[in-house]
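Following: one structure in structure tokens, then a few remarks.
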Amino acid sequence: MSVAYHRIRSDRLHATVFPEAEFLREAPAPKRAVSVAPPRVAAAPRAGRKAHRDGAVLRAPERVWLFMLGGTSALPLMNFTVTGFSVVCVAIGLAYLLPGPRRRTATPLVFALIGTGAYLASAWVNDTSYLSPDVFAFGSFALYFCGITVLAGDIERIATVLLGIAFGSVFFYAMIGTFLTSAGSVIDLWKYGVAPSATIAVLYLMAFCRMRTSAVVAALLSLAALSLVLNFRSHAVICCAVALLLLLSKYRRGALSLGSRVVTLGAFAVGFTWALEYAAREGLLGGSLREKVLMQSDGSVPMLLAGRTEPPLSLTAIVNRPFLGWGEADNVSHEVYVQAQHAAMAVGFDRSFPFEYAWKLSNGSISLHSILLGSWAEAGVLAVLLPLWLLWACYRLVFVADSAGPWTPLMMYLGMQTIWDLLFSPWSYNLPAVLACLACCCVAVSSDGRHHDGDAKDAHLLMRLLRDNRAPRSRHASEAKR
């Protein structure tokens with residue numbers, strides 16, 4: 001066999017391993033050139049166009065338009081459930097049913113409809129008002145979810161709508177307010193009104209400017225310090241927790257497991273609570289916070305339960321009517337109210353504790369102070385489905401939303417703040433719209449996390465390379481045998 005034949009065979013093998021080396025290929029015969037055609041040539045440009053369309057850059061006119069639409073939430077129409085943004089969502093909500101490339105899921109809508117039906121059934125059975133704001137809360141969430149899905153199809157656009165809603169909330173609390181912010185105090189305005197919205201605005205601006213993680217952590221710690229000075233401990237804890245999660249996400253290039261992150265976050269919560277109580281007792285955080293901590297830590301109950309005293313009342317109401325609820329919190333009987341006081345004293349509350357002050361608002365209405373437990377107590381077990389799904393959505397945003405890129409800090413904060421609101425806060429102005437934004441963000445986060453997504457892409461690329469090289473090699477092997 002000649003030396004030239006070996007040189008040609010070597011060049012062919014080199015071209016098989018390195019397909020881009022066209023200059024090493026031997027010119028094919030016309031007969032063989034006709035039979036060989038690259039597979040699926042036309043599919044790649046179509047996929048490229050789709051990816052470009054899904055990840056299109058959000059330009060200034062569209063950004064301003066989305067912000068303005070979200071800002072219509074500054075106009076209150078009916079308590080916390082109906083605002084000016086509700087009118088926008090009514091006008092475009094039916095477009096949710098039209099076919100399109102947007103990611104959609106019917107789960108939160110189904111749970112919202114079930115929850116609304118549970119409220120209506122409970123109101124009918126208990127002969128309470130059908131026009132209670134809580135009855136329309138889940139329906140408002142469903143309306144906002146459809147409207148935001150039509151307006152925004154990715155994280156950045158949803159965050160822009162969320163920024164407009166945050167601006168609307170700040171405008172409402174600053175110009176109109178509630179009985180908690182009517183005194184005009186900066187402390188009350190920050191604590192009962194604008195703190196979450198201000199945090200959303202800061203994190204949005206930093207994501208828009210593509211700030212480094214260290215700068216975002218510093219901003220969150222500054223907001224936490226401000227909340228401690230203004231006697232807003234829960235917001236301070238949330239900001240510090242998000243800062244810790246951001247640092248953990250960068251530790252060892254994000255290789256820390258989910259279990260390690262959860263354990264570290266739990267240890268931080270315990271340590272932060274102890275350090276906060278110590279600092280407050282020593283007067284390092286101001287006199288008002290010192291008096292509040294001393295009052296709450298005098299009993300034998302944990303500080304969290306001392307700060308949120310309503311769970312004994314909510315759980316007692318749930319145990320007495322777990323399936324249909326009471327219709328509304330004010331319908332809870334006096335006997336159940338007394339049972340709840342005894343249950344609270346059984347877990348460590350002092351007999352002299354002012355239950356009337358802690359469990360009732362200034363107008364005499366009962367406050368359950370929890371969306372999750374309050375929905376169950378008012379409308380029964382079926383009303384818990386949507387809050388539970390939202391807690392799962394919070395988990396996704398907090399722990400597996402690495403694919404959000406620069407918007408990850410905002411997603412983490414939104415998830416952590418919503419966990420607190422669902423467990424320990426009542427309905428407030430624009431909160432159904434914020435929950436709808438969270439649900440839309442959960443749907444928009446399509447991957448299971450950066451690690452699994454990257455591994456899947458690498459595996460897919462490797463299989464494609466092996467497939468492309470396997471066929472030419474088998475063909476050359478058959479030629480060599482001949």
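The values are calculated or read from the model by the stated rules, or taken from the named source; none is laboratory data. Predicted model, so just to flag it, every value in this text is computed and none were measured. Quick reminder, even Gly has a Cβ in these numbers, built from the backbone with ideal geometry, and neighbours come from all protein chains shown. These area figures cover heavy atoms from the full protein model, side chains too; ligands, DNA and RNA do not enter into them. Shrake-Rupley method; radii C 1.70, N 1.55, O 1.52, S 1.80 Å.
Applying the selection to region 319-333, what residues are crowded, with 23+ Cβ neighbours inside 10 Å and in a helix (DSSP H, G or I)? Correct list: Ala329 only.
Filtering region 120-135 to residues that are in contact (Cβ under 8 Å) with a residue 60 or more places away in the chain and part of a helix (DSSP H, G or I) leaves Ala121, Ser122, Ala123, Val125, Asn126, Pro133, Asp134. If only one of Ser260, Ser249 is out of contact with any Gly (no Cβ under 8 Å at 6 or more places or on another chain), surrounded by fewer than 16 Cβ atoms within 10 Å (Cβ to Cβ) and modelled with pLDDT of 80 or more, which one is it? Only one candidate qualifies: Ser260. Residue pairs whose Cβ atoms lie under 9 Å apart, sitting 6 or more positions apart in sequence or on different chains, and linking a residue in region 389-412 that is of a type outside the set (S, T, N, Q) to a partner that is buried (at least 24 other Cβ atoms within 10 Å of the Cβ) and not in a helix (DSSP H, G or I), are Trp407/Ala401; Met411/Ala401; Met412/Ala401. For residues that are surrounded by fewer than 21 Cβ atoms within 10 Å (Cβ to Cβ) and within 20 Å of the chain's Cα centre (by Cα), tally how many sit in region 79-115. Matching residues across region 79-115 total 8. Among the candidates Ser375, Ser288, the residue that is crowded, with 21+ Cβ neighbours inside 10 Å and either at pLDDT 95 or above or part of a helix (DSSP H, G or I) (or both) is uniquely Ser375. How about region 116-127: which of its residues are open to solvent by 60 Å² or more (accessible area, probe 1.4 Å) and either of a type in the set (D, E, K, R) or within 20 Å of Thr81 (Cβ to Cβ) (or both)? Of everything in region 116-127, those that are open to solvent by 60 Å² or more (accessible area, probe 1.4 Å) and either of a type in the set (D, E, K, R) or within 20 Å of Thr81 (Cβ to Cβ) (or both) turn out to be Leu120, Trp124, Asp127. Scanning region 265-279 for residues being among the aliphatic types (A, V, I, L, M) and open to solvent by 50 Å² or more (accessible area, probe 1.4 Å) gives a total of 2. With respect to Val336, determine if the residue is open to solvent by less than 20 Å² (accessible area, probe 1.4 Å), over 26 Å from Ile238 (Cα atoms) and outside any loop (DSSP other than H, G, I, E, B). In short, yes.
Those helices (runs of 4 or more DSSP H) of region 387-482 in which at least 3 residues are at pLDDT 95 or above and open to solvent by less than 20 Å² (accessible area, probe 1.4 Å), considering only elements entirely within it, cover 408-424, 431-444.
Exactly one residue out of Tyr130, Tyr144 is of a type in the set (Ser, Thr, Tyr), buried (at least 22 other Cβ atoms within 10 Å of the Cβ) and either farther than 22 Å from Gly164 by Cα or under 18 Å from the mean Cα position of the chain (by Cα) (or both), and it is Tyr144.
When Leu180 is tested against the conditions (1) out of contact with any Asp or Glu (no Cβ under 8 Å at 6 or more places or on another chain); (2) open to solvent by 60 Å² or more (accessible area, probe 1.4 Å), the lone failure is (1). Consider Val90 carefully, then state whether it is at pLDDT 85 or above, in a helix (DSSP H, G or I) and under 30 Å from Phe179 (Cβ atoms). Judged against the criteria, Val90 is a match. Pairs meeting the criteria (first residue in region 177-198 and farther than 15 Å from Asn430 by Cβ, second residue open to solvent by less than 40 Å² (accessible area, probe 1.4 Å) and of a type in the set (Ser, Thr, Tyr), beta carbons under 9 Å, at least 6 apart or on different chains) are Asp188/Thr181; Leu189/Tyr173; Leu189/Thr181; Trp190/Ser227; Lys191/Thr181; Lys191/Ser227. Could we say that Glu356 is of a type in the set (Asp, Glu), in contact (Cβ under 8 Å) with a residue 40 or more places away in the chain and either open to solvent by 20 Å² or more (accessible area, probe 1.4 Å) or in contact with a His (Cβ under 8 Å, 6 or more places away or on another chain) (or both) here? Against the criterion (of a type in the set (Asp, Glu), in contact (Cβ under 8 Å) with a residue 40 or more places away in the chain and either open to solvent by 20 Å² or more (accessible area, probe 1.4 Å) or in contact with a His (Cβ under 8 Å, 6 or more places away or on another chain) (or both)), Glu356 does not qualify. In region 58-75, the residues that are touching a residue at least 24 places away in the same chain (Cβ under 8 Å) and on the phi < 0 side of the Ramachandran plot form Cβ pairs under 7 Å with partners that are open to solvent by less than 40 Å² (accessible area, probe 1.4 Å) and of a type in the set (Asp, Glu), at six or more places apart or across chains, as follows: Leu58/Glu156. Scanning region 195-205 for residues that are crowded, with 20+ Cβ neighbours inside 10 Å and either among the β-branched types (Val, Ile, Thr) or over 16 Å from the mean Cα position of the chain (by Cα) (or both) yields Ala195, Thr199, Ile200. The set of residues in region 99-119 that are outside any helix (DSSP H, G or I) and without any contact (Cβ under 8 Å) to a residue 12 or more places away in the chain comprises Pro99, Gly100, Ala106. Picking from residues in region 147-159 that are among the aliphatic types (A, V, I, L, M) and open to solvent by 10 Å² or more (accessible area, probe 1.4 Å), the one that is nearest to the chain's Cα centre (by Cα) is Ile155.
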